[in-house]
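Read through the structure below, which is laid out as structure tokens, and then see the notes.
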Amino acid sequence: MKPYYEHNGIQIFHGDCREVLPELEPVDLVLTDPPYGIGFDYGDGGHDDDPECYEKLITTLVALTEKKASGCMIWQSMKTCYLWHRWFPDGYRILAACKGMVQFRPTPIQYSFDPVIAWGEFHSEPSVYNKDYHVQNKAPFGANRPKINHPCPRPFEQVRYFMNIAGGESVIDPFMGSGTTLVAAKQLHRKAIGIEISEKYCEIAAKRLGQEVLNLEI
């Protein structure tokens, strides 16, 4: 299986994660922001967010990630919280990822949070569960808003924080999108693999990784 991109311990694979994941070696962490099954329109992004099909997608993802990593962190939507007991392993925890809603509204005062479902063993000390929330203190807007060609980019500071507290040396993101997880891994000097079904986003992620990572707010 040939990577779409490979450099300095970071790889991108273009394809469906359900087909690619079984071919990969285990890592320390799965960190990913998949579709939520709430009918979101990803445009030409390649994802079908049909709520009727979502349970099969997420339960397949959970089964595959449990075989590939000792610890898992998966972003979700509160709209489906009443189903989590069916989808995630016993003992899962909820971490609150607080953020500014800059991808939808251009003002700096629209704050919300996303739940991160976490379970497994993490290579960190102290435990990732010592604090069950993270607040993104800065919400860039207007001219300072990150210019990433994706309908719902995950805030970089947030991804970097959760990756850092999880510890370990290697990470997989099965729904890579525009590559924020891989850029965070590059900053933290970790090996990383991203899987993305849309070639458009594979190319965007590859270009981001080709840049020097200096600004923590990208």
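Each reported figure results from applying straightforward, stated rules to the coordinates on display, with no laboratory input. Worth saying up front: this structure is predicted, and the values here are computed from it rather than measured. As a convention, Cβ positions derive from the backbone with ideal geometry for all residues, glycine included, and neighbour counts pool all protein chains shown.
When we measure straight from the Cα of K99, which lysines land under 20 angstrom away, once same-chain ones fewer than 8 places off are left out? Result set, ordered by chain and number: K79, K131, K138, K147.
Between N164 and D90, the modelled label-to-label distance comes to 3.6 nm, taking each label 7 Å out from Cα in the direction of the beta carbon.
If I take R0 = 30 Å and measure r between the Cβ atoms of E19 and S70 in this structure, what FRET efficiency does the formula 1/(1 + (r/R0)^6) give, to the nearest 0.05? Can you show the working numbers first?
On the way: r = 23 Å, r/R0 = 0.76.
Step by step, r from the Cβ atoms, then E = 0.85.
Peptides 68-76, 122-130 ranked from most to least packed by the mean count of surrounding Cβ atoms within 10 Å: 68-76, 122-130. Footprinting exposure proxy ranking of K191, K67, fewest other C-beta atoms within 10 angstrom first, gives K67, K191.
Work through the residues other than A63 whose Cβ is under 12 Å from its Cβ and net out their charges, Lys, Arg +1 and Asp, Glu -1. Before the final figure, lay out the partial values.
Working: positive: R18, K56, K67, K68; negative: E66.
The answer is +3.
Annotation: the residues L188, L182, L21, L57, sorted from fewest to most other C-beta atoms within 10 Å of their own C-beta, follow the order L188, L57, L21, L182.
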